[in-house]
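Beneath this line is the structure, given in structure tokens, with notes to follow.
What follows is calculated from the coordinates using simple rules that are stated; it is not laboratory data. These numbers come from a predicted model, not from an experiment. As a convention, Cβ positions derive from the backbone with ideal geometry for all residues, glycine included, and neighbour counts pool all protein chains shown.
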Amino acid sequence: MKGLSLPNPRWLKTTLWVALSMPLLWLGVLIIKELQQTNSGLGTEPTEALLHYLGEWSLILVLLAFAVSPLRRRLGWPWLGQHRRFIGLFAFIYVCLHVLTYAGLYAQFQLAVLLDDFVYRSYITAGIGAFLALLLMALTSTRGWRRRLKENWRRLHRLIYVATFFAIVHLLWLRKDSGLAEAIYLLIYIGLVAERIVYHWQRRRSA
Ligand code: HEM
């Protein structure tokens, strides 16, 4: 497996595009079913179902973006690094849809509800922390910003640590009765942080 290199980056990008769009496509199908017949696509609590579906996929894609560097290094997949921005932007789109569902359908765009949740619901505060970190990264992900910020660009994009940390905290705080799924997300997160620590330690030792 190590050293696997794929010859056609355009083909790879299309595959990634299709794969990352699949959950949204499926969501589209569920929404159409729901519109045709109530409770058939999204169940008895459509807003909750939407929030949970998009939340789950946001977390998976944020962790996937965080996994790009470790996978590239450990599996010898240099081509994966070229798609980091693409995966990150997809993750951001899912998070935006999740946040929009919350703000629009759940809080009905009522500023008082939004502010109240932000202050008194710790898992919302953590979610917003993750969202803001991803927003800054998405806004500065262009070549122009990379050129303008030079070395600081790398520093700024360490915000992925903040985003993933708050995303995990958001999940653990909102699911008080954490089970196997939460334990798996947490283990993946810890594994990805540990890989980075080991990598930097090895680099410093060999320098
Ligand atoms: C990177 C950012 C975020 C990620 C990865 C994320 C992920 C998730 C996940 C995995 C869930 C649980 C879904 C389930 O129970 O099946 C969830 C639920 C939720 N999220 Fe987020 N979220 C993020 C940001 C936010 C933000 C910014 C807000 C609000 C401003 C928010 C509001 C909510 C709400 C209201 C729920 C449902 C809580 C409930 O079940 O009562 N999330 N989110």
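From helices alone, the chain scores -26000 deg cm²/dmol at 222 nm; the rule is -39500 (n - 2.57) for each run of n ≥ 4 DSSP H residues, then divide by the residue total.
The residue among Leu134, Val169, Leu35 whose Cα reaches farthest toward the positive pole of the charge dipole of the chain, with charges on the beta-carbon of Lys, Arg, Asp and Glu, is Leu134. For region 1-122, a/c is not less than 1.5, where a ≥ b ≥ c are the root eigenvalues of the C-alpha gyration tensor, and a/b does not top b/c. That puts it in the oblate class. In summary, the helical segments of the chain meeting the span-like criteria, namely a full DSSP H run, a Cα extent along the axis of 15 angstrom or more and a mean Kyte-Doolittle hydropathy of at least 0.5, are 9-36, 46-75, 84-100, 122-139, 159-174. With contacts taken as Cα pairs under 8 Å at a separation of at least 6 residues, the chain carries a relative contact order of 19 percent. Translational diffusion coefficient of region 82-143 (Stokes-Einstein, Kirkwood radius from Cα pairs, 37 °C, 0.692 mPa s): 260 µm²/s. Volume per residue of the convex hull around the Cα atoms, evaluated for region 46-206, comes out as 136 Å³.
Measuring between their Cα centroids, region 32-102 and region 155-197 lie 15 Å from each other. Note on region 1-144: dipole from Cβ charges, positive end direction compared against Val95, Thr15, Leu54; the farthest Cα belongs to Thr15.
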